[in-house]
Amino acid sequence: MSSVLDVKNLSKLFGGLRAVDNVTIEIVEGEIIALIGPNGAGKTTVFNCLTGVYPPTEGEIYIHPPGEERERTNGYRPHRITERGLARTFQNIRLFNNMTVLENVMIGRHKHLKAGVLNAVFLDRRTREEEEKVIHDSYEVLKKIGLTSYVNELACNLPYGAQRRLEIARALATEPFLLLLDEPAAGMNPQETLALVDLIVRIRDTEKITIFLIEHDMSLVMSLSERIYVMDYGKLIAMGPPVEIKSNRDVIKAYLGEDVHA
């Protein structure tokens with residue numbers, strides 16, 4: 001398997017603060033990779049650099065969509081990153097609360113629309129066919145995520161766990177090759193977390209999408225991830241499979257706590 005994401009010596013400075021300091025990450029097609037670390041370690045800043053929210057101060061970001069050429073994405077805006085096949089969710093849920101579940105997913109399909117402004121004004125056959133396809137494809141995404149029972153419900157009325165899954169559904173609607181999940185289990189109860197683990201594995205296996213996630217739930221991280229990167233104070237302090245990370249003294253000291261034993 002070839003790498004789908006190469007991050008070389010990435011740094012991000014905010015004034016005199018080095019929030020991300022010389023971070024190098026490689027993700028191979030088909031992996032589920034976790035990025036962990038204490039609050040303020042720089043994890044979400046890494047995600048923001050990867051998805052165009054922040055321009056890197058130093059370093060290089062390369063993506064390699066399957067079947068396409070390797071591409072440097074430094075300086076790309078978020079919509080361009082999405083068009084190239086990276087999609088993400090956020091630590092704080094960002095749904096369109098006064099739109100239906102179906103409409104939220106339809107927004108994720110916008111990059112696939114080809115009809116222009118005039119077509120939309122006059123609602124010609126091509127535009128109607130596109131709209132019908134967007135509705136169909138969005139419903140199919142909801143079927144995969146298990147949200148069809150809420151299809152016409154306002155997003156704000158969904159249970160919390162369903163809102164989390166709707167964010168994932170909207171990201172999947174963009175047809176990514178790499179899905180970035182920022183604390184997808186935050187606020188979930190144990191039953192919802194178990195269902196989330198099953199969903200993430202199913203997305204990887206059936207949709208052939210590589211997964212890169214930030215998460216504080218260590219049981220989820222250790223059971224789900226094939227490799228784990230660990231950050232502290234903006235720097236990478238460890239990388240390896242879960243069994244190695246659990247026994248790494250630097251990780252235990254920085255994140256898991258001195259009283260945690262491998």
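The values are calculated or read from the model by the stated rules, or taken from the named source; none is laboratory data. For clarity, every value in this text was computed on a predicted model and none was experimentally measured. Backbone-built Cβ (ideal geometry, glycine too); neighbour counts: all protein chains shown.
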Candidate set: the range 91-105, residues that are of a type outside the set (D, E, K, R) and either assigned to a helix (DSSP H, G or I) or free of Cβ contacts under 8 Å to residues at least 40 places away in the same chain (or both); chosen: the one surrounded by the most Cβ atoms within 10 Å (Cβ to Cβ): V101
Options R70, R88; residue that is in contact with a strand residue (DSSP E or B) (Cβ under 6 Å, 6 or more places away or on another chain) and surrounded by 21 or more Cβ atoms within 10 Å (Cβ to Cβ): R88
Residue check, F47 at pLDDT below 95 and either on the phi < 0 side of the Ramachandran plot or in contact with a strand residue (DSSP E or B) (Cβ under 9 Å, 6 or more places away or on another chain) (or both): no
Pair list, Cβ under 9 Å, 6 or more apart: the range 219-231 residue in contact (Cβ under 8 Å) with a residue 40 or more places away in the chain and under 15 Å from E183 (Cβ atoms), other residue aromatic (F, W, Y) and surrounded by 24 or more Cβ atoms within 10 Å (Cβ to Cβ): none
Enumeration of residues in the range 210-220 that are buried (at least 22 other Cβ atoms within 10 Å of the Cβ) and hydrophobic (A, V, I, L, M, F, W, C): I211, F212, L213, I214
